[in-house]
1. Only residues that are more than 15 Å from ligand 2 (Cβ to nearest atom) and not in a loop (DSSP other than H, G, I, E, B): list them for segment A:426-449, please.
2. Can you tell me which of (1) within 16 Å of ligand 1 (Cβ to nearest atom); (2) acidic (Asp, Glu); (3) within 14 Å of chain B (Cβ to nearest Cβ) is the one A:ASP439 doesn't meet?
3. Return the residues of segment A:202-223 that are within 15 Å of ligand 2 (Cβ to nearest atom) and in a loop (DSSP other than H, G, I, E, B); say none if nothing qualifies.
4. Working only within segment A:314-335, note down all residues that are surrounded by fewer than 24 Cβ atoms within 10 Å (Cβ to Cβ) and in contact with a Ser or Thr (Cβ under 9 Å, 6 or more places away or on another chain).
5. Got a number for residues in segment A:384-404 being open to solvent by 20 Å² or more (accessible area, probe 1.4 Å) and away from ligand 2 (no atom under 16 Å from the Cβ)?
6. Condition test on A:GLY224, is it open to solvent by 10 Å² or more (accessible area, probe 1.4 Å) and either modelled with pLDDT of 95 or more or in the same structural domain as A:THR362 (by TED's automatic domain parsing) (or both)?
7. Within segment A:99-166, which helices (runs of 4 or more DSSP H) (wholly inside it) include 1 or more residues that are acidic (Asp, Glu), farther than 27 Å from A:VAL16 by Cβ and touching a residue at least 12 places away in the same chain (Cβ under 8 Å)?
8. Quick one: count up the residues across segment A:594-610 that are surrounded by 18 or more Cβ atoms within 10 Å (Cβ to Cβ) and either under 35 Å from the mean Cα position of the chain (by Cα) or β-branched (Val, Ile, Thr) (or both).
Amino acid sequence: MGKINRTSKKRYIVHVCLGTGCISGGSLNIYKSLKQQVDSLKIKNVLINFTGCHGFCQRGPIVDIEPGGIFYSEVKEEDVTDIVQQHLKKGKFVDRLFYRHPSTGETIPCSRDIPFYSRQQRIILRNCGHINPENIGDYLAVGGYESLKKVLTEMTPEQVISEISSSGLRGRGGAGFLTGLKWDLCHRSPGNEKYIICNADEGDPGAFMDRSILEADPHSVLEGMLIGAYAIGANQGYIYCRAEYPLALERLRIALRQMEEHGFLGNDILGSGFNFHIKIKEGAGAFVCGEETALIASIEGKRGMPRTRPPFPAISGLWGKPTIINNVKTLASVPVIIAKGSNWYSGIGTEKSKGTVVFALTGKIANSGLVEVPMGIELRELIYEIGGGISGGRKFKAAQTGGPSGGCLPASMLNLPIDYESLADAGSIMGSGGMIVMDEDTCVVDIARYFLIFTQAESCGKCVPCRVGTRQMLIILERITKGDGVPGDVELLERLANTVKLGSLCGLGQTAPNPVLTTIRYFRSEYEEHINNKRCPALVCKELISFYILPEKCKGCRICFKNCPVGAISGGKKLIHVINHERCIKCGTCFDVCPKRFSAVVKVSGKQIKVPEKPIPISK
Amino acid sequence: MFITKLVEIFNEYKGEKGAVIPILQKVQDKLGYLSQEVISEIAKFSRMSETEVFGVASFYAQFRFTRCGDHVIRVCLGTACHVSGGERILDEVTRELGVSPGETTEDYKFSLERVACLGCCALAPVMVVDKTVYTKMKLPKVRGVLQTYGENK
Ligand SMILES: Cc1cc2nc3c(=O)[nH]c(=O)nc-3n(C[C@H](O)[C@H](O)[C@H](O)COP(=O)(O)O)c2cc1C
Ligand code: FES
């Protein structure tokens, strides 16, 4: 973990997380209030700083105080006074804000001792949560731009490429292509007009790795981009970032300005004669534009439709010129590899998958957030040790990696080492780092339907099997989840899936059937339950479930009666309430609001429960 | 007049290759949506046909061709939000407002959209009104959130 030398001058440095997650929890007010109170009390030697995402979004807003790495979580604005009065003035910790181990209840004051952090190995996220992303000085203080200097003054482009090649770095955008090899191809392509593009389109719905990195440590990505540009011989770079990421865009703009001021961007960078300029392009909301040839079309101002490869962009890309496209995380890895050497990097991970991988761990997991682990780690360790297991003590059902292009890994695969090859063997893909954890209350057929809604809508329409095939698959999945499935539907889905895979030009269509195929592969019986018995075992598919109020448990408290949005519940004080199934829209509100001590509302599928037809008085 | 605003934007992009998407983005930012007249002006400036400009604009989900409401409500249906009940939240908003995603209420108070991941997955389900993010949404909270905006305007 990067320590900032300047800390020594201050007694305390307070880092308030201003990542998107913590901001939505109110961290901006915490930051302002800390500054204000420290100012008005004239406490000296305290620096109130802010950082990007610490990764532990679940426990946000997060305030971290150096020295000691004291970690306060779930901080509220009201807690600021205590932090200032106790910690910053008297040096006493505010124990009640410490992280509590969910099972042992033990309090853990320092972030490095919290299992969520202690088992991670942070290379790509090395600076996230430790430096102020809007201050290049913070980045310089942790050795930022040293690798660029080294490259520009001591290394030839060939040496840079050879260093990256021997590190074994593979692209973190999904396909895992060897970065050194790609750079070499582009380097050797003739012509002196070349481009490098940072792919920050992050299309996987449910993943936020790239966004968090750009928000927390934009300079690492930009430094990597400059090194790549030097290696391939590009003088112009583009960052293609989703418009839905306003904070990332703002911090990128600030970073670019500061780079120019420090002479890291523009003409004759650091007196080396190397010129480089960067433009930001905002994506306009099309998942397929994450695909490299579609992305290029979009920068050229066209509809973002993929084209056939070869020629690969490294030979003929933007405006027909040799172009390198790399993911945010790939580029962020480059400066460290240059600084620490390829030997160090290739010592991490497995034989074919080197280095670390960042996951956005979400879904039904106790510790949601951003984690970075060495390649080859077992799924079990990721879910149970780092992720803290399933929230609410439920049972693990599956983990989905690779988003709409990936697949799910069932409980029998908890021992699977996570790397490119094993995930592919299991029918999924590494993807760019989304990992959604599902428990028993998640229906895999519903998940497959969900992903197909997404890919079906995002198919650019060029290839018929992708455009029409995904639509057909969706129609079948919809009828299964509605209880209208017919025997043979699963086989039909498998046939269609293979056609879509084979008949599509780009990765979108080639991988769109993966979520369906893996859920069929590991949970076939669940599909059959829906089709043959019209039952959703996870109690998710709306058309297959019903809600009942158990007469022996209902206390006539009227809470469900008052909350039902469609007036489907009849009842009254001290009467047993009854749900009108004709009117019920199965929103589940009654289930949620019924007080836990009564638990009178139940959700069932494939069976009926005998209840009174009309409200009747509660029998004592 | 919108023409002067357009000219200002066009001036920034004179001579730049493939600038039609950033132009469309800036124009929508300034004018709220892309009317037919606006598209036709952009086509003239970019030396493209109107069909081509519309073809590009309609490819991307970001662009709107009708006026939107005073407040834009976005309900997240990213994967994390989906498994935590995002669809139920969307249903509830739809019911409260009486419009489907992609539509605007008759009084132009609210536009409703569905989005895929807002980046606060750890706090799912999430909805955003204008720039304010509402996390860990529950059905009974929806009405309250809408009311705060209903009364302002
Ligand atoms: C449909 C589709 C969507 C993609 N989305 C992304 C994305 O959001 N981010 C990304 O970095 N790569 C994405 N890719 C992969 C890119 O095409 C490309 O392989 C990658 O950006 C190369 O960078 P890397 O070598 O550093 O991984 C996508 C590919 C496909 C087929
Ligand atoms: S899935 Fe909703 S914020 Fe990410």
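1. Correct list: A:ASP439, A:VAL444, A:VAL445, A:ASP446, A:ALA448, A:ARG449.
2. The number of the failed condition is (1).
3. To start, the set of residues in segment A:202-223 that are within 15 Å of ligand 2 (Cβ to nearest atom) comprises A:202-212, A:215.
If the condition is that a residue be within 15 Å of ligand 2 (Cβ to nearest atom) and in a loop (DSSP other than H, G, I, E, B), then A:GLU202, A:GLY203, A:ASP204, A:PRO205, A:GLY206, A:ALA207, A:PHE208 are the ones that fit.
4. Listed by number, the residues that qualify are A:ILE315, A:SER316, A:LYS321.
5. First, the residues of segment A:384-404 that are open to solvent by 20 Å² or more (accessible area, probe 1.4 Å): A:384-385, A:388, A:391-395, A:397.
From what is left, the residues that are away from ligand 2 (no atom under 16 Å from the Cβ) are A:384-385, A:388, A:392-395, A:397.
Number of matching residues: 8.
6. Working: open to solvent by 10 Å² or more (accessible area, probe 1.4 Å): no; either modelled with pLDDT of 95 or more or in the same structural domain as A:THR362 (by TED's automatic domain parsing) (or both): yes.
It is false that A:GLY224 is open to solvent by 10 Å² or more (accessible area, probe 1.4 Å) and either modelled with pLDDT of 95 or more or in the same structural domain as A:THR362 (by TED's automatic domain parsing) (or both).
7. Working: elements: A:115-118, A:136-141, A:146-154.
Hits in segment A:99-166: A:146-154.
8. So the answer is 3.
The values are calculated or read from the model by the stated rules, or taken from the named source; none is laboratory data. What you are looking at is a predicted structure, and each value in this text was computed from that prediction instead of being measured. Reconstructed Cβ throughout: ideal geometry from the backbone, glycine too, with neighbour counts over all protein chains shown. Remember, those area values only see protein heavy atoms, side chains included, never the ligands or the DNA or RNA. Shrake-Rupley method; radii C 1.70, N 1.55, O 1.52, S 1.80 Å.
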